[in-house]
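Taking it in order: structure first as structure tokens, then the write-up.
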Amino acid sequence: MRSRLLRIALFTPLILLSGIVYPQVDQLKALFEDKQYVKAYELSKRLADEWEGIPQFDYYYGISALEAGHLSEAAMVLERIIMLYPKQHRAR
């Protein structure tokens, strides 16, 4: 758990600021942008153990869960974003 938090703390700014490309997250983003929310949700579930806690991933995961009808899961995921970024209106 501690190493996971450390990884999140170290790499989140890099992901958000440097435009680093991760194929799994890019695939998730592409499904999301194509409004293929069920497929995006299913991919998110497979990637969650590795990517959960990364705001960019959590955003796609949470909105895809919401659009796919998994409301309680969406709320849990989006709350993580709101806790870290309270002014993130898209997550609300």
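Our coupling estimate for segment 23-31, obtained by passing each phi through the Karplus curve with A = 6.51, B = -1.76, C = 1.60 and θ = phi - 60°, is x, 5, 6, 5, 5, 4, 4, 4, 4 Hz, Gly and Pro reported as x. LEU31 exposes around 30 Å² of accessible area when a 1.4 Å probe is run over every protein chain in place.
Near HIS70: Cβ cut-off under 13 Å, other residues only, Lys/Arg at +1 and Asp/Glu at -1. The net charge is -2. Can you tally the net charge around LEU47? Count Lys and Arg as +1, Asp and Glu as -1, for every other residue whose Cβ sits under 13 Å from the Cβ of LEU47. Computed value for this residue: -2.
The relative contact order of segment 30-69, computed from alpha carbon pairs under 8 Å that lie at least 6 residues apart in sequence, is 50 percent. Note on surface exposure: PHE32, PHE57 rank PHE32, PHE57 by accessible area, highest first, 1.4 Å probe.
The values are calculated or read from the model by the stated rules, or taken from the named source; none is laboratory data. Because the structure is predicted, anything quoted here is derived from the model rather than measured. Note that each Cβ is placed from the backbone with ideal geometry, even for glycine, and that neighbours are counted across all protein chains shown. For the accessible areas, the whole protein counts, side chains as well, though only heavy atoms, and no ligand, DNA or RNA atoms are used. Shrake-Rupley method; radii C 1.70, N 1.55, O 1.52, S 1.80 Å.
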